[in-house]
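Input: a single structure, listed below in structure tokens.
The values are calculated or read from the model by the stated rules, or taken from the named source; none is laboratory data. What you see is a predicted model; the values in this text were computed from it and never measured. Cβ sites come from the backbone with ideal geometry, for glycine too, and all protein chains shown count toward neighbours.
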């Protein structure tokens, strides 16, 4: 990773530029409402459905911005990342659209379905052992051999500016809300949300939703500095990673509150959304609805945006079916 | 059932009137496309998503047209039907919106989830034994006691005119297709589709999709008269019922072809749609996609409409999870 890229804090101009750059490669995803959930909460909920996004998740916004923002010279050797989730899929998809290689370092223990999906988008997988040391060593080796440009899953200004296009679209589609709720893991989506809304809708409260069992952002927020968990375990597997310096910048400056939900609450909210809204979404995306259902009094009477971040679910192992 | 109502063949004027009548009570459901499925079939597929409809299925169109078309005098004693599926839900929903009772005769063996859902919309359930004799006797008794207006799930001109509004919306949204594919069970949706398209897009081919294991419409179509199965068994549980005289009229006059799919093909198409389109839909709605995937050569290069009829799925027992 280039340190100088890491230090740059993206601006709203970067979001606008990102939006122009990535428009040909992403969906302008729909917003949905549900009278059932409105009645249940006593609020007006508006769901931004990034589960319908290309490659199945909002992460294609940041990944596309990084890939298509490279000069031909920079792009020549392709891009590289370490991820076993939606960023690996999204970066492979974006690189494929540009016609450059995408190298992905993944633990050999990652589910076969995830490996197949990355390969389905053209990603080149190098397996490592399931440890931080092995991942870092393997990644350094891959980068040295290929000269590929590193695109971090979230601690990268290009990625954060790309994720910020989601809230920009949402504002165009809805005219704005009182409160915006998004899940928080590494903080890429919430940082993009902060970046956009603090510029074009500064009165909007931004609430981050986190699993109780991976509440490092909650504890960081309250402590005033980053606390990284060792190995959190939650059904919301997209939210296990810790904040990093860039995302901490946005979280500490612009997030109004962080609310948490238990595993049972997350699974119940996930199932209820499938049942009532007829959409397939990941457990990670159910965390916002879980915290809303748990804290109705904070949302009652308000217009509330909810970002549904992705829909890449293993349909063979649903968390409510034992 | 009133015989005279049964003999009336609805016209496109009835569809237009139905559309005006029910607009306040239904969603104008979105149409979705999928580049994945387009590539897979080599066609342009446009999905009309009635799984997002009020009460979770297209059947609310016909039910609402029947309920809101009643005079105050006719409506006074409410409506009644026998169904353990989406028609029971939809009629209960529509009656609730009008503020009149809805009596539903259901076998006592119907899943508790279905009974709960009907009651959730305000339906009043009378249980019968799981036999045709018991159902008919129980229904006659309920009707005699309540004086409620019978609304048949599909063999009713008001219901067929209501279902015809779906294709009318689809035409407004898309400008038309070469082929329209819809599932066939009792034939209510396909009859409404025939009624509308034969009037406003008579060049459109209409293909009905049916489970191999409940292929009474396929055999009727080839024989030239109604053949009713005794007790078909299929995962597509909305499609077990036979054609009746009114729906046979439309099927025999306007359907281009009936194609069938096996249980395995239906389940695979259902799972693939959830995976790729991130939408929850019933097995019955997967039959059109299953026949398209099985007969790609019939659809290649064409613009094809696919009606996704409903999304009321028991999430605890998915057919691909044993």
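Of note:
- Subset tally (residues that are in contact with a strand residue (DSSP E or B) (Cβ under 9 Å, 6 or more places away or on another chain) and within 12 Å of another protein chain (Cβ to nearest Cβ)) for the range A:33-46: 2
- Residues that are at pLDDT below 95, in the same structural domain as residue B:277 (by TED's automatic domain parsing) and under 21 Å from the mean Cα position of the chain (by Cα) number at least 1 in the following helices (runs of 4 or more DSSP H) confined to the range B:1-98: B:3-7.
- Residue within the range B:145-160 that is free of Cβ contacts under 8 Å to residues at least 40 places away in the same chain, out of contact with any helix residue (DSSP H, G or I) (no Cβ under 9 Å at 6 or more places or on another chain) and not assigned by TED's automatic domain parsing to the domain that holds residue B:72 present: no
- When A:211, A:232 are screened for being over 20 Å from residue A:50 (Cβ atoms), touching a helix residue (DSSP H, G or I) at 6+ places or on another chain (Cβ under 8 Å) and either at pLDDT 95 or above or not assigned by TED's automatic domain parsing to the domain that holds residue A:64 (or both), only A:232 passes.
- Only one of the numbered conditions (1) in a helix (DSSP H, G or I); (2) away from chain B (no Cβ under 13 Å); (3) closer than 24 Å to residue A:113 by Cα; (4) over 17 Å from the mean Cα position of the chain (by Cα) is not met by residue A:103, and that is (1).
- Of A:192, A:185, all but one fail to be at negative phi, part of a loop (DSSP other than H, G, I, E, B), crowded, with 24+ Cβ neighbours inside 10 Å and in contact (Cβ under 8 Å) with a residue 60 or more places away in the chain; the exception is A:185.
Conditions (1) crowded, with 18+ Cβ neighbours inside 10 Å; (2) modelled with pLDDT under 95; (3) closer than 14 Å to residue A:80 by Cβ, marked per residue:
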residue: A:103; (1), (2), (3): yes, no, yes
residue: A:115; (1), (2), (3): yes, yes, no
residue: A:126; (1), (2), (3): no, no, yes
residue: A:130; (1), (2), (3): no, yes, no
residue: A:133; (1), (2), (3): no, yes, no
residue: A:147; (1), (2), (3): no, no, yes
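- Filtered residues of the range A:54-77 (kept if away from chain B (no Cβ under 14 Å) and buried (at least 21 other Cβ atoms within 10 Å of the Cβ)): A:59, A:61, A:62, A:63, A:64, A:65, A:66, A:67
- Taking the listed residues A:127, A:210, A:145, the one that is over 21 Å from the mean Cα position of the chain (by Cα) and part of a strand (DSSP E or B) is A:127, with no other qualifying.
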